[in-house]
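Peer 1: Quick one: the structure is below, questions incoming.
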Amino acid sequence: MIQVRDLHKHFGDLHVLKGINLDVNKGEVLSVIGSSGSGKSTLLYCLNSLEQIQQGSVHVDGIDVHAKSTGVNTLRQKLGMVFQQWNSFPHLTVLENVALSPRIVKGKSKEEAIAMAEKQLKHVGLGDKFKHYPNSLSGGQQQRLAIARALAMEPEYMLFDEATSALDPEKVGEVLDTMRLLAEEGMTMICVTHEMGFAKEVSDRVAYFHNGIMEEIGPPEQLFGSPQSEHTRKFLANVR
Amino acid sequence: MQNSISFFTGFGINDLWFLGEAALKTLWISVLSISVGTLLGTFFGWVLHEGKLAATLTIAPVLDVFRSVPLIIQLVLFYNFAPIIGLNFDPFLSGVVILTFYTASLVANVARGGIEAVPQSMRRASRSLGMSYWQDLFHVVLPIGGRAVFPAWIGVVLGVMKDSALVSVLGYVELLKASQVLITRTQEPLLILAIAGAFYFALSYPISRYANKFEQRWSK
Ligand SMILES: Nc1ncnc2c1ncn2[C@@H]1O[C@H](COP(=O)(O)OP(=O)(O)OP(=O)(O)O)[C@@H](O)[C@H]1O
Ligand SMILES: [Mg+2]
């Protein structure tokens, strides 16, 4: 379970997150929507300590993420993350991309790491690309590679930061399908997304962020059907 | 007449050996300074990138000096003034020390460029997988950034190899100095300089050829 309490984040004078309270339960899929600059990415980075926080707390399975005594490198293995840019390691084959961190971070043997990589690549539908280099893959394939790479660390949570925003429109579907597959398998997911269709269909709850504040959170029917906040209504009217 | 003929003897096979040996010395002095200088320069580049204020204020100006003062002046100054602070280096060692720092000052910028060629989001991605700062540096930044600046580094290597000729001003008999000795004796500057040039080419050409091969392989 992820518990966020009164989270404040500043970049210098810029107050980016202004007191966020949020619980994400095991097995839940939460979509986060909101306009550009509202702090969605920053929230994800605060969950796995890629960004420091100035006030409040984040607990993941009871572990205080921002405590000095917390080993972030161990903690981050619990939280897989997929970014807007797919960030494939260009010098490694598809298989090596996925096998690298199980080997060096988890200390698995080469055979175990490769077995894990093969399993996760098949999982995302890249079973025929083991020996390819990333730059011979399409954007959609590289993003699925990024998902496999994160899954190979056997995370309990997956954080997606606009995983489809940098893709050609015709490649968006295959990545959303992969995310949908994970959701069906029971993965706990937080998805920052502009894909309202996906948010509506797949998520258990949707949160709307506005100017560093979580304006509204609820089941998709409620948030899309009868939004409570004026800001949410305006935002939804614009994206439709 | 008789005397001068026996004094200025022609270019023989032994002289070719003499030049070959000198070429090996050029190679040796270059290999030493380039390898140590590259390690040192990579470290400096990392310090510059990390931008610890103190380090930047101390290292950066020193590197600037090594980069901008002509090598020949550095060599002569160091060779003549090092003994004053108790460093009695022979010409070879003086040459290696100065060429090493010179290489390091050039490589520092190349290395910093390499680190900065790796996008921030790539580094966040590897950290998000649980890699430590050092794992990210060695398994991601080094191979990706290293490839990005490899051509620039090869440029430094070839440059330093040619510049190593300047160590001859200290009296160290490397390729250029050996050529001068032979020219004085044989009075055949064109022939000997052509041969020396061929030796330099023979040292450099394989490097640029090999480098090209790597670049082509990586760009696939
Ligand atoms: N490293 C940083 N330094 C300074 N300001 C930052 C930094 N990262 C983000 N910001 C600022 O924080 C605010 C929130 O950024 P964030 O990336 O979280 O927004 P977002 O909701 O993800 O927007 P988008 O939809 O464009 O991705 C923005 O104003 C951004 O300019
Ligand atoms: Mg964002």
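The values are calculated or read from the model by the stated rules, or taken from the named source; none is laboratory data. As the structure is a computational prediction, the values presented were derived from the model and not from experiment. Heads up, the Cβs are rebuilt from the backbone with ideal geometry, glycines too, and the neighbour counts pull from every protein chain shown. We work out accessible area using only protein heavy atoms, side chains counted, and drop any ligands, DNA or RNA first. Shrake-Rupley method; radii C 1.70, N 1.55, O 1.52, S 1.80 Å.
Peer 1: Being closer than 26 Å to B:L170 by Cα, modelled with pLDDT of 90 or more, out of contact with any helix residue (DSSP H, G or I) (no Cβ under 9 Å at 6 or more places or on another chain) and surrounded by 13 or more Cβ atoms within 10 Å (Cβ to Cβ) is the requirement here; does B:L63 meet it?
Peer 2: Criteria not met by B:L63.
Peer 1: Inside segment A:216-235, can you point out the residues that are charged (D, E, K, R) and open to solvent by 60 Å² or more (accessible area, probe 1.4 Å)?
Peer 2: Selection gives A:E221, A:E230, A:R233, A:K234.
Peer 1: Then there's this: Among the residues of segment A:94-121, what is the count of those that are more than 12 Å from chain B (Cβ to nearest Cβ) and of a type outside the set (G, A, S)?
Peer 2: Here the count works out to 12.
Peer 1: In addition: Take the residues in segment A:182-195 that are away from ligand 2 (no atom under 16 Å from the Cβ) and not in a strand (DSSP E or B), then tell me which one is least open to solvent (accessible area, probe 1.4 Å).
Peer 2: A:L182
Peer 1: Applying the selection to segment A:63-91, what residues are in contact (Cβ under 8 Å) with a residue 24 or more places away in the chain and either within 16 Å of ligand 2 (Cβ to nearest atom) or not in a helix (DSSP H, G or I) (or both)? Spell out the reasoning first.
Peer 2: Step one: of segment A:63-91, the residues in contact (Cβ under 8 Å) with a residue 24 or more places away in the chain are A:72-73, A:75-90.
Within segment A:63-91, A:L79, A:G80, A:M81, A:V82, A:F83, A:Q84, A:Q85, A:W86, A:N87, A:S88, A:F89, A:P90 meet the criteria.
Peer 1: Moving on. Does at least one position in segment B:105-116 carry a residue that is without any contact (Cβ under 8 Å) to a residue 12 or more places away in the chain, open to solvent by less than 80 Å² (accessible area, probe 1.4 Å) and out of contact with any strand residue (DSSP E or B) (no Cβ under 8 Å at 6 or more places or on another chain)?
Peer 2: Within segment B:105-116 (the criterion being without any contact (Cβ under 8 Å) to a residue 12 or more places away in the chain, open to solvent by less than 80 Å² (accessible area, probe 1.4 Å) and out of contact with any strand residue (DSSP E or B) (no Cβ under 8 Å at 6 or more places or on another chain)), the answer is no, since none of the residues qualifies.
Peer 1: For segment B:189-215, name all the residues that are of a type in the set (A, V, I, L, M) and touching a helix residue (DSSP H, G or I) at 6+ places or on another chain (Cβ under 8 Å). Steps first, answer last, please.
Peer 2: Quick first cut of segment B:189-215, residues of a type in the set (A, V, I, L, M) only: B:190-196, B:198, B:202-203, B:207, B:211.
Selection gives B:I192, B:L193, B:I195, B:A196, B:A202, B:L203, B:I207, B:A211.
Peer 1: From the set of residues in segment A:16-47 that are of a type in the set (S, T, N, Q) and within 10 Å of ligand 2 (Cβ to nearest atom), which is modelled with the lowest pLDDT?
Peer 2: Step by step, filter segment A:16-47, then rank; the result is A:S36.
Peer 1: Follow-up question, since we're still on this one. Listed residues A:V4, A:V32, A:V65, A:V16; which is touching a Phe, Trp or Tyr at 6+ places or on another chain (Cβ under 8 Å) and surrounded by 16 or more Cβ atoms within 10 Å (Cβ to Cβ)?
Peer 2: Within the list A:V4, A:V32, A:V65, A:V16, the selection yields A:V32.
Peer 1: Now, a different point. With a cut-off of at least 3 residues that are open to solvent by less than 40 Å² (accessible area, probe 1.4 Å), name the helices (runs of 4 or more DSSP H) lying wholly within segment B:120-220.
Peer 2: B:120-128, B:142-163, B:175-186, B:189-218
Peer 1: Could you please let me know if A:M153 is part of a loop (DSSP other than H, G, I, E, B) and either touching a Cys at 6+ places or on another chain (Cβ under 7 Å) or away from ligand 2 (no atom under 16 Å from the Cβ) (or both)?
Peer 2: Considered against the rule, which asks whether it is part of a loop (DSSP other than H, G, I, E, B) and either touching a Cys at 6+ places or on another chain (Cβ under 7 Å) or away from ligand 2 (no atom under 16 Å from the Cβ) (or both), A:M153 comes out as yes.
Peer 1: Being more than 22 Å from B:L24 (Cα to Cα) and touching a residue at least 40 places away in the same chain (Cβ under 8 Å) is the filter; apply it to segment B:74-104 and report the residue that is nearest to the chain's Cα centre (by Cα). Write out each step before concluding.
Peer 2: Step one: filter segment B:74-104 for residues more than 22 Å from B:L24 (Cα to Cα), giving B:74, B:76-88, B:104.
Then keep just the ones that are touching a residue at least 40 places away in the same chain (Cβ under 8 Å); that gives B:76, B:79, B:104.
Values: B:V76: 18, B:Y79: 18, B:A104: 9 Å.
Only one residue tops the list, namely B:A104.
Peer 1: Is segment A:74-88 home to any residue that is more than 14 Å from chain B (Cβ to nearest Cβ) and either modelled with pLDDT of 95 or more or touching a strand residue (DSSP E or B) at 6+ places or on another chain (Cβ under 7 Å) (or both)?
Peer 2: no
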